[in-house]
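The values are calculated or read from the model by the stated rules, or taken from the named source; none is laboratory data. All of these numbers come straight from a predicted model, not from anything done at the bench. In this analysis, Cβ positions are derived from the backbone assuming ideal geometry, glycine residues included, and neighbour counts consider all displayed protein chains.
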Amino acid sequence: MSNTFKGGIHPFGGKELTKDKPIQELKPSGELVFPVSQHAGAPATPVVKAGDAVLAGQVIAEASSAVSANIHSSVSGTVKKVEMRPLPTGGKAMSIVIENDGEYREAEFVPSDPENLTKEEILQKIRAAGIVGMGGAGFPVDQKLSPEESDSIKYLVVNGAECEPYLTSDYRVMLDTTDELIGGIKIALKLMPNAKAVIGVEDNKPEAIKAINGKIAGDPRISCVPVKTKYPQGSDRTLIYATTGMKIKSTAHSNEYGVVVSNVTSLYNVYEAVVKGRPLTRRTVTVSGDDISNPGNFRVYLGTAFQELLDAAGGTVQDPEKFINGGTMMGFAMYDLSAPITKTSGALLALKKDEVSSHPTGPCISCASCVSVCPMQLMPNKLAKLADKGNTEEFEKNYGSYCIECGCCSYVCPARIPLKQSIKATKKAIKAAKRRERQVARS
């Protein structure tokens, strides 16, 4: 077993700004906005209308298919509107707007003992709570934790790597809520009776490793595996290899190899849902960057505007050149801080300088630097050229669709060519074309 993977990079970390900042709760004011599309799969269907009174933890939009997720109000108050509102990504989505009454009156939550629940009852509680992958993908966790052949699952790989620069929210979850995290892992293991859990934590987080080991001592089904600090160590396939030694083909799903991967914050919320009966209404968000006055980690009520989160961190030192939602490698630029915190919002960064746009792009010199760092062993230079030419057939033949969009190629390119952006745009176009083909075939 290796503790890392071939390729990868070592970008500036920036974690020292917030790693020693315990999680602070941020209670919002004013209106909150809840997009019905904040997870992978079909949008949820609103079940409230303007004028309705709601409680914190009440369902306001129901999952519309198997791959969808319930959405709950994070505050008590009154529904003002159901209308299109901006998303953090820059687009718009149908959203439920709620006026916070500041009282935080809660719906009735039903606690339970996981030992007295069946597999289906556990999954139903997770499904009802609207928990999705908190690492960014937003895939419904009840679907992830219920593979078709659950008895054949050998490993539950718990992602505590948090390899993105600046982000420390998962780190603080591991430190500040260790008991709940381990409790969530044990609940997940009840769903996969023959699996062992391996918690992959980068070796630049010794305090988290120590805290976890102190809670799992003597447990034969759970171990903590320190992995090398390198980006993108937290990607599914790279983490699986680093923690178990198993190589997952790019054309296969990890379930086929008997592996399920879940993020530490997702499993913390599994504990909250099953044991306490609490739905997903809050998440931990890192506010950091060299232009933040008081960087920190905040437990934020979903629906809170990014501007309010920025204000809680003291605002900016100067006018930043760039706001980023997420990390500097896989995050995206933000232009509207009125957009709300959603289930997949992991960080808000403010940077004094936009390093990407400050360097001009030059011609490819065929140095193969991008090839040497690609964790998927692809040829990003070739894929980007095919993408720019619109040659989607050759793009797919060269496994372009298996790019994980980590950005390592763009980071090391001496010509500053936006390789990831070209590849990502083509992947998106291919998916859209295939979706249209399926729609035409069904009609």
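For the reader, a short list of remarks on this structure follows.
- Residues being under 26 Å from residue 41 (Cβ atoms) and either in contact (Cβ under 8 Å) with a residue 24 or more places away in the chain or of a type in the set (A, V, I, L, M) (or both) - total across the range 384-437: 21
- Annotation: residue 326 fulfils all but one of (1) assigned by TED's automatic domain parsing to the domain that holds residue 186; (2) at positive phi; the unmet one is (1).
- In the range 257-299, the residues that are closer than 23 Å to residue 199 by Cα and over 16 Å from the mean Cα position of the chain (by Cα): 257, 258, 259, 271, 272, 273, 274, 275
- Hits in the range 20-56 - residues which are at positive phi and in contact with a Gly (Cβ under 9 Å, 6 or more places away or on another chain): 41
- The listed residues are 79, 75, and the only one of them that is buried (at least 22 other Cβ atoms within 10 Å of the Cβ), modelled with pLDDT of 95 or more and not charged (D, E, K, R) turns out to be 75.
- Those residues of the range 247-274 which are at pLDDT 95 or above, outside any strand (DSSP E or B) and aliphatic (A, V, I, L, M), in sequence order: 264, 267, 270, 273, 274
- Checked against (1) over 27 Å from residue 378 (Cβ atoms); (2) without any contact (Cβ under 8 Å) to a residue 60 or more places away in the chain, residue 265 passes all but condition (2).
- Sub-6 Å Cβ pairs linking a first residue in the range 141-156 that is touching a residue at least 60 places away in the same chain (Cβ under 8 Å) and of a type in the set (Gly, Ala, Ser) to a second residue that is crowded, with 16+ Cβ neighbours inside 10 Å and assigned to a loop (DSSP other than H, G, I, E, B), at least 6 apart or interchain, are 152/258, ordered by first then second residue.
- Pair list, Cβ < 8 Å and 6+ apart or interchain, from the range 362-373 residues that are of a type in the set (Val, Ile, Thr) to residues that are in a helix (DSSP H, G or I) and buried (at least 16 other Cβ atoms within 10 Å of the Cβ): 371/380; 371/381; 373/408; 373/409; 373/411; 373/412
- Members of the range 41-50 found to be in contact with a Ser or Thr (Cβ under 7 Å, 6 or more places away or on another chain) and either over 21 Å from residue 141 (Cβ atoms) or not β-branched (Val, Ile, Thr) (or both), listed by number: 41, 42, 43, 44
- Any strands (runs of 3 or more DSSP E) falling wholly within the range 1-68 and containing at least 1 residues that are polar (S, T, N, Q), under 22 Å from the mean Cα position of the chain (by Cα) and crowded, with 17+ Cβ neighbours inside 10 Å: none
- Test result for residue 330, of a type in the set (A, V, I, L, M, F, W, C) and more than 30 Å from residue 77 (Cα to Cα): yes
- Checked against the criterion of being at pLDDT below 95 and either farther than 26 Å from residue 139 by Cβ or among the aliphatic types (A, V, I, L, M) (or both), the candidates 412, 317, 356, 371 yield just one match: 356.
- Considering the range 300-347, the residues that are touching a strand residue (DSSP E or B) at 6+ places or on another chain (Cβ under 7 Å) and of a type in the set (Phe, Trp, Tyr) include one that is nearest to residue 85 (Cα to Cα), namely 306.
- Residue within the range 157-167 that is among the small types (Gly, Ala, Ser) and surrounded by 24 or more Cβ atoms within 10 Å (Cβ to Cβ) present: yes
- Scanning the range 279-302 for residues that are in contact (Cβ under 8 Å) with a residue 60 or more places away in the chain and part of a loop (DSSP other than H, G, I, E, B) returns 279, 280, 281, 289, 290, 291, 295, 302.
- Each residue in the range 24-52 was checked for being over 20 Å from residue 131 (Cα atoms) and either touching a residue at least 60 places away in the same chain (Cβ under 8 Å) or polar (S, T, N, Q) (or both), and 7 pass.
- Whichever residue in the range 176-187 is free of Cβ contacts under 8 Å to residues at least 60 places away in the same chain and within 20 Å of the chain's Cα centre (by Cα) and, among such residues, is surrounded by the most Cβ atoms within 10 Å (Cβ to Cβ): 182
- Exactly one residue out of 190, 247 is over 23 Å from residue 349 (Cβ atoms), touching a residue at least 40 places away in the same chain (Cβ under 8 Å) and more than 21 Å from the chain's Cα centre (by Cα): that is 190.
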